[in-house]
Amino acid sequence: MLRPLAHPLIVRHQTSAAAAAMNGILNETLDSIREAGTYKSERVITTKQAAKISVQGSNRKILNFCANNYLGLSSHPEVIEAAKQALDKYGAGLSSVRFICGTQDIHKELEAKIAKFHGREDTILYASCFDANAGIFETLLTPEDAVISDELNHASIIDGIRLCKAQRHRYKHLNLSDLEDLLQKTQSARMRLIVTDSVFSMDGDVAPLREIADLADKYKALIFIDECHATGFLGEKGTGAEEHLGVPGCCDIINSTLGKALGGAAGGYTTGPKPLIDLLRQRSRPYLFSNTLPPPVVASASKVFDLIMADNSLIAKLAANTKRFRDKMTAAGFTLTGKDHPISPVMLKDASLASKFADEMLKRDIYVIGFSFPVVPKGLARIRVQLSAVHSEEEIDECVDAFIEVGKQLGVI
C-alpha cells in the first residue's frame with residue numbers, strides 16, 4: 001500500500017506576475033488569429049477513420065473528404081486484426097529506445113519489408129516522418145556540404161535543415177533554372193544534397209524528378225525526397241513518385257510515413273544506402289532518444305505492405321476516384337491545383353471565405369477543412385479535398401453537388 005506523503009504538495013493558487021504577463025501576450029496573439037479568420041478549431045470525430053464518420057454534436061453520418069487515408073486501410077479488418085494480435089503477443093509498447101531494449105523482431109522485419117518495397121538496401125524506423133526529417137540532415141551533412149531545398153518543402157524538412165551546419169540554399173518552387181544556378185554556385189562543397197517533397201501536400205503537384213535527376217547527374221549531387229503523399233498509392237504498384245514518373249531508383253534517399261496511406265497510425269522511416277542507415281542508427285538524435293514504435297503500429301503497417309504488394313486494385317480505384325472528382329469540379333467552374341493526385345485543392349484565396357465554405361459544407365454532411373495562413377501563403381486559402389479509394393462514385397458526386405450549391409451561395413462560381 002502506498003503511504004500518504006508526509007508533506008502535502010503545495011498548490012500554487014495565485015498566478016505569478018510573469019505568468020499573467022505571458023497570458024496577456026498569448027491572448028493578444030490568439031485574438032489576432034481569430035480576427036484574421038485563420039483560427040483553427042478541432043472537430044471531434046467519434047468513430048474510426050473511414051469514408052463516413054460521426055462528428056461530435058451531430059447525429060448524422062458525415063462524408064469525410066479531408067483525410068490522408070488514401071487507400072482506406074486505417075480501418076481495414078485485416079489491418080486491425082494484425083494490430084490486435086501484436087498487442088497480445090508483443091505488448092502495448094517497449095518503454096525504451098531501439099538501442100537499449102526497444103528492438104523486436106517485428107521492427108527488423110518491417111524495415112526489411114520497406115527496403116524491398118522501395119528497392120533500397122536498408123531502412124530505419126522513426127516515431128514519425130517529422131522525426132525522420134529532423135534526424136537526417138544534421139547526421140549526414142557538415143559545414144563542408146551544401147543543401148539545396150525547394151522553397152515549398154514541408155515544415156519538417158525546413159526544421160530539419162535548420163539543425164544542420166551545411167550551407168543552406170532554397171530554390172524557387174519547381175524552378176529547374178534556379179536549382180541549376182545554385183548547383184553551379186556550390187560546386188566547391190564536399191557533398192550537395194537536393195531536397196524536395198515528391199508531392200507537395202498543399203497543392204498536389206509532383207516534383208519533376210526526371211529533370212532533377214538529370215541536374216544531379218550533371219553536377220554530381222545527391223537527391224533526397226519526402227514521399228509522405230506518394231507512398232502506397234502513386235504509381236501502378238504504389239511505390240511512389242519515381243514509379244509514377246518512370247524514373248525508378250533516381251533518388252538516393254527516401255523519407256516517408258506510415259501515418260497516411262500505410263495504415264494511418266503513426267511512424268516514419270528513411271530508406272536508402274546501408275552505410276547511411278547504419279550511421280543514422282549511431283547518430284540520429286530522434287532515433288536514439290525516442291521510444292520505439294509500438295508493436296501494434298508496426299504490425300498494422302506491415303500488414304498494409306502485404307496487402308498492397310499482393311493487390312493493386314485499391315490504387316487503381318483511388319486513381320479513378322481522383323479523376324472523377326477533378327473532372328466534375330473543373331467542369332462546374334472551380335479552380336483546382338495539382339494534377340492527377342488525390343490531393344485536390346479547391347482554390348478560394350480568402351481565409352475567411354475558406355473557413356465559412358467548410359462550415360457550410362459540414363451543414364450538408366461533407367467534412368472538409370479550410371486551409372489558410374500559416375499553413376499556406378497569405379492570399380492562397382483553399383479547401384484541400386482528399387480522395388480515398390473507399391469513396392463510392394455516388395459519394396463523390398454528392399460531394400461535388402454540395403460544392404456547387406455552396407459555391408453558388410457564396411459567389412465562388
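The values are calculated or read from the model by the stated rules, or taken from the named source; none is laboratory data. These numbers come from a predicted model, not from an experiment. We place every Cβ from the backbone using ideal geometry, glycine too, and count neighbours over all the protein chains shown. Note: areas computed on protein heavy atoms with side chains; ligands, DNA, RNA excluded. Shrake-Rupley method; radii C 1.70, N 1.55, O 1.52, S 1.80 Å.
Looking at segment 277-296, which of its residues are among the aliphatic types (A, V, I, L, M) and in contact with a Leu (Cβ under 7 Å, 6 or more places away or on another chain)? Before the answer, list the steps.
Within segment 277-296, the subset among the aliphatic types (A, V, I, L, M) is 277, 279-280, 288, 293.
Correct list: LEU293 only.
Failed condition for PHE65, given (1) touching a Cys at 6+ places or on another chain (Cβ under 8 Å); (2) over 30 Å from SER313 (Cβ atoms), with all others met?
The one condition PHE65 does not meet is (2).
Could you check ASP217 against (1) under 20 Å from ARG120 (Cα atoms); (2) within 20 Å of the chain's Cα centre (by Cα) and say which number it fails?
So the condition that ASP217 fails would be (2).
Kindly provide the set of residues from segment 80-103 that are crowded, with 16+ Cβ neighbours inside 10 Å and under 15 Å from ALA127 (Cβ atoms), ordered by number.
LEU94, ARG98, GLY102, THR103
Conditions (1) charged (D, E, K, R); (2) open to solvent by 60 Å² or more (accessible area, probe 1.4 Å); (3) without any contact (Cβ under 8 Å) to a residue 12 or more places away in the chain, marked per residue:
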position: LYS328; (1), (2), (3): yes, yes, no
position: PRO342; (1), (2), (3): no, no, no
position: SER372; (1), (2), (3): no, no, no
position: VAL375; (1), (2), (3): no, yes, no
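Okay, residues lined up against (1) within 29 Å of ARG285 (Cα to Cα); (2) touching a residue at least 40 places away in the same chain (Cβ under 8 Å):
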| position | (1), (2) |
| --- | --- |
| PHE200 | yes, yes |
| VAL206 | no, yes |
| ARG210 | no, yes |
| ALA230 | yes, no |
| GLY246 | no, no |
| ILE253 | yes, yes |
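Where in segment 241-296 are there helices (runs of 4 or more DSSP H), lying fully within it, with 2 or more residues that are open to solvent by 30 Å² or more (accessible area, probe 1.4 Å) and not aliphatic (A, V, I, L, M)? Give the steps one after another, and end with the answer.
Values: elements: 241-245, 274-283, 285-288.
Per the criteria, 241-245, 274-283.
Within the set of pairs 6 or more residues apart or between chains, which connect a residue that is open to solvent by 40 Å² or more (accessible area, probe 1.4 Å) inside segment 302-323 to a residue that is in a helix (DSSP H, G or I) with Cβ atoms less than 6 Å apart?
What qualifies is LYS303/GLU78; LYS303/VAL79; LYS303/ALA82.
Looking at ALA381, ALA389, ALA351, can you tell me which residue is open to solvent by less than 30 Å² (accessible area, probe 1.4 Å) and over 23 Å from TYR39 (Cβ atoms)? Reasoning before the result, please.
Values: ALA381 fails: over 23 Å from TYR39 (Cβ atoms); ALA351 fails: over 23 Å from TYR39 (Cβ atoms).
Within the list ALA381, ALA389, ALA351, the selection yields ALA389.
Can you say whether LYS317 is modelled with pLDDT of 95 or more and in contact with a Leu (Cβ under 9 Å, 6 or more places away or on another chain), as far as the supplied structure shows? Can you show your working first?
Numbers: modelled with pLDDT of 95 or more: yes; in contact with a Leu (Cβ under 9 Å, 6 or more places away or on another chain): yes.
Yes; evaluated as a whole, the condition is true for this residue.
For a quick check of your reading of the model, give me the residue pairs whose first member lies in segment 96-112 and is within 23 Å of ILE254 (Cβ to Cβ), whose second is of a type in the set (Gly, Ala, Ser), with beta-carbon atoms closer than 7 Å and at least 6 apart or on different chains.
Pairs found: ILE106/ALA86; ILE106/ALA299; ILE106/SER302; GLU109/SER302; LEU110/ALA301; LEU110/SER302.
Quick one: is GLY235 open to solvent by 20 Å² or more (accessible area, probe 1.4 Å), within 30 Å of ALA83 (Cα to Cα) and assigned to a loop (DSSP other than H, G, I, E, B)? Write out each step before concluding.
Numbers: open to solvent by 20 Å² or more (accessible area, probe 1.4 Å): no; within 30 Å of ALA83 (Cα to Cα): yes; assigned to a loop (DSSP other than H, G, I, E, B): yes.
Criteria not met by GLY235.
Rundown of residues vs (1) at pLDDT 95 or above; (2) of a type outside the set (D, E, K, R); (3) part of a loop (DSSP other than H, G, I, E, B), yes/no style:
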position	(1), (2), (3)
ALA21	no, yes, no
ARG34	no, no, no
ALA82	yes, yes, no
LYS89	yes, no, no
